[in-house]
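Q: Before I ask anything, let me first share the structure, which is written out below as structure tokens.
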Amino acid sequence: TSGEEKLAVQAELMKAQHEITKVTLDYERSVFEMQAKVLLGEINSKHWLPANWRPVTMLSFVFMMLWNWIAVPMFGKPPIEFPDWVGTAFITGLGGYVVGRSAEKIAKTISLNPTMMKTPWAQKSDDKERKRLFKAYKREKDPELKALLLEELKAA
């Protein structure tokens, strides 16, 4: 085979790899979007159980592990050996919960303070008022006043 044939084969291989990567990324993006829709649906639910089942599950795991490793040995009994999936579920749930809450707080902060984002609608004339409202919102301890400031901030 000549050098030109090798280059042609390499180009075809790179094109195929690029296409596979593109399809894989599209798939992962669609899965992430579906998961986000489910999570938002749960969070925004008007019913208590769908909105809180994840934290309740995590608290149950924490209680189960604390009971097993602290309370059970106090009674002179050996701790129960949990199957591997229990630890994996706990770590996955805790990681997802912590990351999810962090992302939720970051998104809320960014949405309330558009000066953090470089967007056309965050004009300088509005920035001073929004910054003032945002600082007041962050400092305020009274929940009622904080809610009023939040409404003003959203309207600004």
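Q: For the range 124-139, state whether one or more residues are part of a loop (DSSP other than H, G, I, E, B), of a type in the set (Gly, Ala, Ser) and either more than 20 Å from the chain's Cα centre (by Cα) or at pLDDT below 65 (or both).
A: No: zero hits.
Q: I'm trying to understand the selection: among the residues of the range 40-66, which are surrounded by 13 or more Cβ atoms within 10 Å (Cβ to Cβ) and either farther than 18 Å from Thr92 by Cβ or not hydrophobic (A, V, I, L, M, F, W, C) (or both)?
A: Glu42, Ile43, Ser45, Pro50, Ala51, Asn52, Arg54, Thr57
Q: Okay, moving on. Would you say Pro73 is out of contact with any Lys or Arg (no Cβ under 8 Å at 6 or more places or on another chain), of a type outside the set (A, V, I, L, M), surrounded by 12 or more Cβ atoms within 10 Å (Cβ to Cβ) and assigned to a helix (DSSP H, G or I)?
A: Considered against the rule, which asks whether it is out of contact with any Lys or Arg (no Cβ under 8 Å at 6 or more places or on another chain), of a type outside the set (A, V, I, L, M), surrounded by 12 or more Cβ atoms within 10 Å (Cβ to Cβ) and assigned to a helix (DSSP H, G or I), Pro73 comes out as no.
Q: I'd like the full set of residues that are in contact with a helix residue (DSSP H, G or I) (Cβ under 9 Å, 6 or more places away or on another chain) and assigned to a helix (DSSP H, G or I), limited to the range 1-49.
A: Leu39, Gly41, Glu42, Ile43, Leu49
Q: Which condition number in (1) out of contact with any Asp or Glu (no Cβ under 9 Å at 6 or more places or on another chain); (2) closer than 25 Å to Ala51 by Cβ; (3) of a type outside the set (Gly, Ala, Ser); (4) modelled with pLDDT of 65 or more is the one that Thr109 fails?
A: Only one criterion is unmet by Thr109, namely (4).
The values are calculated or read from the model by the stated rules, or taken from the named source; none is laboratory data. Every value quoted in this text rests on a predicted model; they were computed, and no experiment measured them. Neighbour counts are summed over all protein chains in view; Cβ atoms, including those assigned to glycine, are modelled from backbone coordinates with ideal geometry.
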